[in-house]
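J.: Take this structure, written in structure tokens, and hold onto it; I'll ask about it next.
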Amino acid sequence: MSEKRLTIDYEEFSSVKEMSAEDQELVAQCLEAQKGSYSPYSHFQVGAALRLANGVIVKGANQENAAYPAGICAERSAMFWAGANYPDVPMLALAIAGADNGVLCESPSSPCGSCRQVMSEYQKKHGVPMQIILVGSKRIRKFKKVDDLLPFIFDSLNV
């Protein structure tokens, strides 16, 4: 037996103003995307903005349904749309923000396991790291690649 240690590096910002202009734009788009949330049950609005390698920004918002679990997360709605409409264009960065009853959460909202797995598969498909930006009103975290959020990615397909 041997003991191992896992270290995750990320950047933390106290304000969007500390970020690059490109990241500021993505954060603004994910906050705008929250307006498209349909969340009458949880009242938790999530917006996502996905930057593609061709410069296109795709927005997504969580969509709930009374027939739970028929809804979809903001992250997957953006990635699936991009995957269907730009199947060969790498996904470079994904910004995510959650709001509770219309108020941006102080701490960044972290994606669910299903969304992390979908992120990892698109990252692997395109062979390019996908940056992840988690937005809160008091702090913003930026990860260089999906592996930092899901270090032991499910990968039985070996595609």
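J.: Please identify the pairs in which a residue from the stretch 100-129 that is buried (at least 18 other Cβ atoms within 10 Å of the Cβ) has its Cβ atom under 6 Å from the Cβ atom of a residue that is among the acidic types (Asp, Glu), counting only partners at least 6 apart or on another chain.
T.: Final answer for the pair search is PRO111/GLU75; CYS115/GLU75.
J.: From GLY98, GLY55, GLY83, GLY60, grab the single residue that is modelled with pLDDT of 95 or more and touching a Cys at 6+ places or on another chain (Cβ under 7 Å).
T.: GLY98
J.: Please state which one of ASP147, ASP100, ASP155 is more than 16 Å from the chain's Cα centre (by Cα) and over 18 Å from ALA33 (Cβ atoms).
T.: ASP155
J.: May I pose another question? Can you tell me how many residues in the stretch 134-156 are closer than 20 Å to CYS30 by Cα and either touching a helix residue (DSSP H, G or I) at 6+ places or on another chain (Cβ under 6 Å) or at pLDDT below 95 (or both)?
T.: Number satisfying all stated conditions: 3.
J.: Under 7 Å by Cβ, and 6 or more places apart or on different chains, what pairs join a residue from the stretch 53-70 that is over 14 Å from TRP81 (Cβ atoms) and touching a residue at least 40 places away in the same chain (Cβ under 8 Å) with one that is of a type in the set (Val, Ile, Thr) and not in a strand (DSSP E or B)?
T.: ALA53/VAL89
J.: Also: If a residue has to be surrounded by 15 or more Cβ atoms within 10 Å (Cβ to Cβ) and touching a residue at least 40 places away in the same chain (Cβ under 8 Å) to count, how many in the stretch 1-36 make the cut?
T.: Count: 11.
J.: Here's another thing I want to ask about it. Sort out for me the strands (runs of 3 or more DSSP E) sitting completely within the stretch 1-113 that have 1 or more residues that are among the aliphatic types (A, V, I, L, M).
T.: By residue number, 44-52, 57-61, 91-100.
J.: Looking at the stretch 117-125, can you tell me whether even one residue there is of a type in the set (D, E, K, R) and in a loop (DSSP other than H, G, I, E, B)?
T.: Scanning the stretch 117-125 turns up no residue that is of a type in the set (D, E, K, R) and in a loop (DSSP other than H, G, I, E, B).
J.: Follow-up question, since we're still on this one. Hey, does the stretch 5-22 have a residue that's among the hydrophobic types (A, V, I, L, M, F, W, C), closer than 21 Å to SER120 by Cβ and out of contact with any Lys or Arg (no Cβ under 8 Å at 6 or more places or on another chain)?
T.: Within the stretch 5-22 (the criterion being among the hydrophobic types (A, V, I, L, M, F, W, C), closer than 21 Å to SER120 by Cβ and out of contact with any Lys or Arg (no Cβ under 8 Å at 6 or more places or on another chain)), the answer is yes, since at least one residue qualifies.
J.: Hey, ILE132 hits all of (1) within 16 Å of SER37 (Cα to Cα); (2) buried (at least 21 other Cβ atoms within 10 Å of the Cβ); (3) β-branched (Val, Ile, Thr) but one; which does it fall short on?
T.: It is condition (1) that ILE132 fails.
J.: Do we have VAL46 as within 18 Å of LYS142 (Cα to Cα), of a type in the set (A, V, I, L, M) and either surrounded by 15 or more Cβ atoms within 10 Å (Cβ to Cβ) or modelled with pLDDT of 95 or more (or both) here?
T.: Yes: the conditions hold for VAL46.
The values are calculated or read from the model by the stated rules, or taken from the named source; none is laboratory data. Keep in mind that this is a model prediction, so the values were computed, not measured. Cβ sites come from the backbone with ideal geometry, for glycine too, and all protein chains shown count toward neighbours.
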